[in-house]
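The values are calculated or read from the model by the stated rules, or taken from the named source; none is laboratory data. Values in this document were obtained by computation on a predicted structure and should not be read as measured data. Cβ atoms come from the backbone with ideal geometry, glycine included; neighbour counts cover every protein chain shown. Side chains included, ligands, DNA and RNA excluded: accessible areas come from the protein's heavy atoms. Shrake-Rupley method; radii C 1.70, N 1.55, O 1.52, S 1.80 Å.
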Amino acid sequence: MRPPIWQLVRDAIQRFGREVSYSEIKQSVWAEYPDVKSSVLTCQIIVCSVNHPSRVHYPENKKPRLCTGQYDFLYNTARGRVTPYDPERHGLWEIVMSSDGALVVRVAQEAITEIEGSPAASDDPKSEFALESHLKAYLARNLTSIGDFGAPLTVYTTEDGRDGVEFQTDVGPIDILATSPAGDFYVFELKLGRGADAALGQILRYMGWVDRHLSGHNKVFGVVLAADISEKPAMRPLKFLKCGSWNMIYASL
């Protein structure tokens, strides 16, 4: 019988004993269990990373606690990279309830700093990763701050309790997947730096996946959120919107 996926991830990181990429962990698992889906492995890596803001969106981490249990053995060092978690090096992390009632991760006893205002790119990839991850969580709790889409949106939730923040699909993780009261789906992609127009192909792949697997007869919309977007001639059929500090590319299927 195959062990639980989190154990396969733990065994892989123990074999490496160093900082590795998500891909290296997956290749290690697939060497013995080639049938495990890539998206499932990505989910479990997030679940077991003590400092990943999106880990609280999975059932294993839905209650406040110190990160000293079976799901607490990875530490995110950058986008798509982890290392074995060492509390002496990385601090003792915890899952706590913030003042607005949402679960968040933080170093134990540290004050939480709410990220507000307009997004800004960073020259430090690690800082940009942390900022973008926290912004995803913040925007998911405050979808109305993104813009007026004709009806209040809510973060999509699966039957097993997994929500739509960094929602794993076979074509990659959707930053935020939301739904309208009418059942339409909204795919949000957050880009802090320039090159947001390059995300169009990415978000169209996500939209296509949602259309095939989730939407049924409902509509699927895609929104790229960025601090700066260049309106290239080839993109003129798309809608360009401005909402507060956000610039948006708006597409639909």
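Among the residues in region 60-69, are any open to solvent by 10 Å² or more (accessible area, probe 1.4 Å) and more than 20 Å from Arg162 (Cβ to Cβ)?
The answer is yes; a qualifying residue exists.
Considering each residue of region 1-46, count those that are within 24 Å of Asp86 (Cβ to Cβ), β-branched (Val, Ile, Thr) and either open to solvent by 30 Å² or more (accessible area, probe 1.4 Å) or touching a residue at least 40 places away in the same chain (Cβ under 8 Å) (or both), and give that number. Residues that pass the stated criteria total 6.
Screening Trp93 against (1) modelled with pLDDT under 50; (2) in contact with a Lys or Arg (Cβ under 9 Å, 6 or more places away or on another chain); (3) hydrophobic (A, V, I, L, M, F, W, C) leaves a single unmet condition, (1). The combined condition, being modelled with pLDDT under 85, among the hydrophobic types (A, V, I, L, M, F, W, C) and in contact with a Lys or Arg (Cβ under 6 Å, 6 or more places away or on another chain), is not fulfilled by Ala234. For region 70-95, a residue qualifies if it is over 19 Å from the mean Cα position of the chain (by Cα) and surrounded by fewer than 17 Cβ atoms within 10 Å (Cβ to Cβ), and the qualifying residues are Gln70, Asp86, Pro87, Glu88, Arg89, Leu92.
Inside region 133-227, counting only strands (runs of 3 or more DSSP E) that do not spill past its ends, which hold 1 or more residues that are at pLDDT below 75, among the charged types (D, E, K, R) and under 14 Å from the mean Cα position of the chain (by Cα)? Give the derivation first.
Values: elements: 165-169, 172-179, 185-191, 220-226.
Of the strands (runs of 3 or more DSSP E) lying wholly inside region 133-227, those with at least 1 residues that are at pLDDT below 75, among the charged types (D, E, K, R) and under 14 Å from the mean Cα position of the chain (by Cα) span 185-191.
Can you name the residue in region 147-185 that is β-branched (Val, Ile, Thr) and in contact with a helix residue (DSSP H, G or I) (Cβ under 6 Å, 6 or more places away or on another chain) and is also farthest from Gln44 (Cα to Cα) among such residues? Talk me through it step by step, then tell me what you get.
Within region 147-185, the first condition is being β-branched (Val, Ile, Thr), and the residues that meet it are 154-155, 157-158, 165, 169, 171, 174, 176, 179.
Filter once more, keeping what is in contact with a helix residue (DSSP H, G or I) (Cβ under 6 Å, 6 or more places away or on another chain): 155, 165, 169, 171, 174, 176.
Working: Val155: 20, Val165: 14, Thr169: 13, Val171: 17, Ile174: 16, Ile176: 18 Å.
Among residues in region 147-185 that are β-branched (Val, Ile, Thr) and in contact with a helix residue (DSSP H, G or I) (Cβ under 6 Å, 6 or more places away or on another chain), the one farthest from Gln44 (Cα to Cα) is Val155.
Would region 8-23 turn up any residue that is farther than 25 Å from Ile176 by Cβ and modelled with pLDDT under 90? Steps first, answer last, please.
Step one: of region 8-23, the residues farther than 25 Å from Ile176 by Cβ are 8, 10-20.
With modelled with pLDDT under 90 added as a condition, the list becomes none.
Within region 8-23, none of the residues are farther than 25 Å from Ile176 by Cβ and modelled with pLDDT under 90.
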